[in-house]
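Notes follow the structure.
The values are calculated or read from the model by the stated rules, or taken from the named source; none is laboratory data. These figures come from a predicted structure and were not determined experimentally. Here the Cβ positions follow ideal geometry from the backbone for every residue, glycine too, while neighbour counts run over all protein chains shown. Only protein heavy atoms, including side chains, enter the accessible area calculation; ligands, DNA and RNA are left aside. Shrake-Rupley method; radii C 1.70, N 1.55, O 1.52, S 1.80 Å.
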Protein chains: 2
Amino acid sequence: MGKPTETRRAEIIEGALAVAAERGVNTVTTQAIADQVGIAQSTIFRHFKSRDEIFSAAVNRTGATMLQTLEPCFSGAGSADQRLCKLIRLQLEYVSNNKGLPRILFSDRLHIESPELKQSVQRVMRNYTSRVSQLLQEGMDNDCFDRSLDPDITASHLVMLIQGLLMRWSVFDFDFDLDSESQPLWEFISRAVRPN
Amino acid sequence: MGKPTETRRAEIIEGALAVAAERGVNTVTTQAIADQVGIAQSTIFRHFKSRDEIFSAAVNRTGATMLQTLEPCFSGAGSADQRLCKLIRLQLEYVSNNKGLPRILFSDRLHIESPELKQSVQRVMRNYTSRVSQLLQEGMDNDCFDRSLDPDITASHLVMLIQGLLMRWSVFDFDFDLDSESQPLWEFISRAVRPN
DNA sequence: TTGATTTGTGATTAACCAATCGCAAATATA
DNA sequence: TATATTTGCGATTGGTTAATCACAAATCAA
């Protein structure tokens, strides 16, 4: 007991994500988080001003961590199509190990109740899509991808595909193996972006 | 006052969908529905046994109506690719006019809290995907689509795309025109399924 | 060691919620 | 018309929730 607040904040965020993953965002009450962490409900408010602040911090933290994990796919070595293929695989792998992320990210609760949080989520999504677009543009320049593509629109379609898959996986309670979806998904995407 | 219960049930379902569309599923309280319809909160329970029963009825009703609307695309006349293109367009158009549907359909609240409702949603989605798969198979037989495609897997990818788009639209609070997304979406899909 | 700040907790509060109940008005039935 | 059933509503109830507060323990600074 008596841990520094930064440690507690991390524990609380983790706890919130764990509860969201296990039982859905709507069950993430301050009491549920406290039980998960092993502290009193009121202790939560020593480290966060409000419940929404927990969600906000969770989105910002996991969003940043995820982008950092995927960074090599955007700026690393290798051809553009190899890196795009790797991005799909890494993305699904990352979410497999962080099930709370799609639950929170796709919960309409957050966006409507907290405009600030909505901004956070939208920023993460825009950032992500923008990087995919750059990767596509790079591949088009190197004839990995079809030059007639619109990189921005195509990027948003790729993000939609991944989001649709993640949402289905989340909504269907993680009852299929996400990692094994990456190969057929890449084959589909590959067909859509390859040069004629 | 004193309307027959079937009329009231329809009004209440409509009211619930309207509130979900405007302010999110989590704000769909019996009080909010009652205000929307213009009746007392307790009157809700004259026509529905519980709040969950309202959601269940809403999903069943709108799910059936949607499949009925899209039926011509699956079993109607025209080439397979024309009908698939039309399906995209009609699907987005339908949801444009029924914004509450994606909000409810993609809410984790329902799936986790009500197993019965989860079954309903999964049945609708499986039915939908299965029909898309049949349409793909038909197009493959007629050389509209590439013969090397796996129709089931490809169908699930098409559904993911649509779901991803709808979710993004819902999450971003309907702040872009959904109908104008159908053309570029079809171009993307067309690339992925066309013969070599 | 002493005094101040931080962290933790139980009790409490005020708001919100789904659902119930008694009673009144409306509607249907005879 | 007379009576029974349905529909509507205000008041209420029991449960849940985020957030506050006074007070205690632990940690830190001097």
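Some observations on this one:
- Sorted largest first by accessible area at a 1.4 angstrom probe radius, with every protein chain in place, the residues B:LYS118, B:LYS86 fall in the order B:LYS86, B:LYS118.
- Computed accessible area, B:SER156, all protein chains, 1.4 angstrom probe, square angstrom: 20 Å²
- Calculated label separations, A:LYS49, copies of the chain, 7 Å along the beta-carbon direction, nm: 4.6
- Per residue, the accessible area of chain B comes to 44 Å² when a 1.4 Å probe rolls over the protein heavy atoms.
- Kirkwood-Stokes translational diffusion coefficient of chain B, alpha-carbon pairs, 37 °C, 0.692 mPa s, µm²/s: 182 µm²/s
- With label points defined 7 Å past Cα in the direction of Cβ, position B:PRO184 shows copy-to-copy spacings of 2.8 nm, given to one decimal and shortest first.
- Distances between equivalent label points of B:ASP146 across the copies, with each point positioned 7 Å along Cα→Cβ, amount to 1.1 nm, shortest listed first.
- Sparse-neighbourhood loop sites, trypsin sites (Lys or Arg not before Pro) in the stretch A:1-65 - DSSP loop, at most 14 other Cβ within 10 angstrom: A:LYS49
- Taking a ≥ b ≥ c as the square roots of the eigenvalues of the Cα gyration tensor, an a/c ratio of 1.5 or more together with a/b larger than b/c marks the stretch B:1-48 as prolate.
- Its DSSP H runs of at least 4 residues, each contributing -39,500 (n - 2.57), put the calculated 222 nm mean residue ellipticity of the protein assembly as shown at -24000 deg cm²/dmol, to the nearest 500.
- Nearest-20 debye value, the protein assembly as shown charge dipole, Cβ charges on Lys, Arg, Asp, Glu: 980 debye
- Helices of chain A meeting both criteria, an alpha-carbon length of 27 angstrom or more along the long axis and an average Kyte-Doolittle score not below 0.5, with helices taken as full DSSP H segments, are A:151-171.
- For the protein assembly as shown: rounded, prolate or oblate by the Cα gyration tensor [a/c cutoff 1.5]: oblate
- Buried surface between chains A and B: roughly 3900 Å² of accessible area, summed over both sides, computed with a 1.4 Å probe on protein heavy atoms only.
- Accessible surface of the stretch A:44-93, 1.4 Å probe: 51 percent of it comes from carbon and sulfur atoms.
- Above-threshold pairs, the threshold being 29 Å between Cα atoms, out of A:LYS49/B:LYS99; A:LYS118/B:LYS99; A:LYS49/B:LYS118; A:LYS86/B:LYS86; A:LYS99/B:LYS99; A:LYS99/B:LYS49: A:LYS49/B:LYS99; A:LYS49/B:LYS118; A:LYS86/B:LYS86; A:LYS99/B:LYS49
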